[in-house]
Amino acid sequence: MINEHTNISSLKKFTRLFFVFFCAMIPSFIAMLIYSDLKWSLGRNLIESVIFSVLIIWVFSLLKNSRFKSIMGYVFFSFFTFCIYVEAVYFLIYQTYFSPSSIFVFLDSNPSEASEFLAFYFSRPLVILTLSTSVVFGLCLRQLSLMSKQFFTIDKSSVFYSFLLMGTLLSFLRFSKYIDYNFPYLFVRSFVLYQMESKELDVYKKNKNGSFKNLHKKSLGAKEISVLVLGESTTKSHLGIYGYQRPTTPLLSSQKNDLALFQDVISPNTYSVACVTKLLTLGNYETPKKTSQGSVIQLANAAQYETFWLSNQRPLGPYESLITKLSFSADHSKFITTAIAGHSKTLDADLLSDLDAVLNESESDKIFIFLHLIGTHHNYEDRYPPSFNIFKGTANSNFESASANEKINHYDNAVLYNDFILNAVIERVKSEDANSFVLYLSDHGEELYNDLDMAGHNEDTPTNSMYEIPFILWQSNKFKDRRNINLDLNKRYMTDDLFHSLADLMAIDSDEVNYQRSIFNDNFKNRPRIILDSIDYDQSFKNKR
């Protein structure tokens, strides 16, 4: 009779504690229900959250009643509420759930970028969610304080069965794949992967020339200047030179006859870390682990180029970001935004003086320059000066709203400024009268209210605009005379093979270089353009346009 009464009392305590946790889920679940289509994924997410709350309560209940347990009650509940809230915020912004790639981006960011991101996506639903969650959180904390002296506690005789229950619930989450909705699980998993990849890229600190076999550099008989300009978040569809209705590229368009405009080039991913670590290294879809086995910077060093890394992107985070680690192989590197901490509004024009210094002061007969722009990364209005605020009013969009017009106008003005920067780079290299080329591309594209009612990029909600990028080559007359590269502008190409294309442009050969993967080579062979692990882009995305 006593045991039965104890069991009933324990059940009541558990139920009361679970009810508090369940209340914390309500604002997030209602927000996702209101601001999205009703899908079974919402139900799966709710089931996962319920099981997650039960697991947290069960772990918490293994502690003995004490002041420490009371404090941990607030900690466990606060952690749970925060996770549910973050999942809902992400869902409201992208209409999908967290994935390892999205958390990977978070790990490679810093607080300044996070605040910029939230400001960019600031909206009424997020305000309502934040306020309602705060109110419910406060009420639940008050209820927890009233329960603190009578928390549900598992006695010693039930510990085995408790672990058996937790194992069963975890197994269900794992095999049903409901665990893929769990933010803490995804975060830990992504953190481990991030640390592993970061450690692999440490090789670029130690070995500047790589380990290329049978390397040979063909002499072009004059000073060589090779320039790679990497943009940021610039989609091909918003460039006037590619047919966009607004004249966003007047300077490039004025010299269109001197440019090779490749028409069918995509990025391998929709976020910078994955893109850049592939396009600058031997890593690609087929062999992703080769990101640590050789970079184009190392290749240029081994071919006796003097190498320069000039960047308008910070070496992010408390440690070096993955992209920054690639720069360690360069003979000279400069990040122009590191001098003034927290300045994310530095304009790309500030790189031009550093480019001038390289061109004027380098005494090498072969130089390779990597220019990393901030390009058209959000916030778009911070990427151009007031004199480039040209496009205003109603923009062409499939989702008409004041917010859409504003962001598209800012984006197009940023593209206009990007046109000015790229033209300035070409003019500077052209004035050197050398054997030179300038290759421009963006790391990935950007969605601008075309297929989705949003601006930005996210691999969890992919669109054509996030993958389709500009790919533009300028060649000096001397370069054209000495090199006869293939300029079939309609080749299907993915930039995870850029290593081989750059090697081809610079007339470098080695066992690691495969000209069948160079867009500039007669031996180029088409390959399936696989994105998102297993999706053929040309069958699933391109053909739906």
Acute angle (nearest 10 degrees) that the helix 67-94 long axis makes with the longest principal axis of the chain, alpha-carbon atoms: 40
Mean Cα-pair separation over length for the range 411-545, i.e. relative contact order, pairs under 8 Å, 6 or more apart, %: 18
Amide H contacts under 5 Å for GLU306, placed H, 5+ residues apart: LYS366, ILE367, PHE368
Distance violations [Cα-Cα > 19 Å] among LYS223/LYS430; LYS290/LYS491; LYS334/LYS407; LYS278/LYS478; LYS256/LYS430: LYS290/LYS491; LYS334/LYS407; LYS278/LYS478
Helix 402-430 vs. the chain, principal-axis angle (Cα, 0 to 90°, nearest 10): 30
Sparse-neighbour loop sites [trypsin sites (Lys or Arg not before Pro); the range 178-253; at most 16 other C-beta within 10 Å; DSSP]: LYS208, LYS213, LYS218, LYS223
Residues TYR74, TYR411, TYR194, TYR161 arranged by fewest to most Cβ contacts within 10 Å: TYR161, TYR74, TYR194, TYR411
Relative contact order (%) - criterion: Cα under 8 Å, at least six apart; region: the chain: 19
Contact order relative to length of the range 316-457, as percent, for alpha carbon pairs under 8 angstrom and 6 or more apart: 20
Amide proton proximity set for ASP443, modelled H, under 5 Å, gap of 5+: GLY231, GLU232, SER233, THR234
GluC sites (Glu not before Pro) lying in DSSP loop within the range 216-319, provided at most 15 other Cβ fall within 10 Å: GLU286
Between helix 40-61 and the chain: long-axis angle, C-alpha atoms, 0 to 90°, nearest 10: 60
Likely footprinting exposure, ASP533, ASP481, ASP496, fewest C-beta neighbours within 10 Å first: ASP533, ASP481, ASP496
Selection of trypsin sites (Lys or Arg not before Pro), the range 468-543, meeting DSSP coil and at most 13 other Cβ within 10 Å: LYS525
Structure-based [θ]222 nm, the chain - -39500 (n - 2.57) summed over DSSP H runs of at least 4, per residue, nearest 500: -15000 deg cm²/dmol
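Bear in mind these aren't lab numbers, they're just calculated from the coordinates by the rules spelled out. Remember, it's a predicted structure, so these values are computed and weren't measured experimentally. Ideal geometry is used to build each Cβ from the backbone, glycine not excepted, and the neighbour counts take in all protein chains shown.
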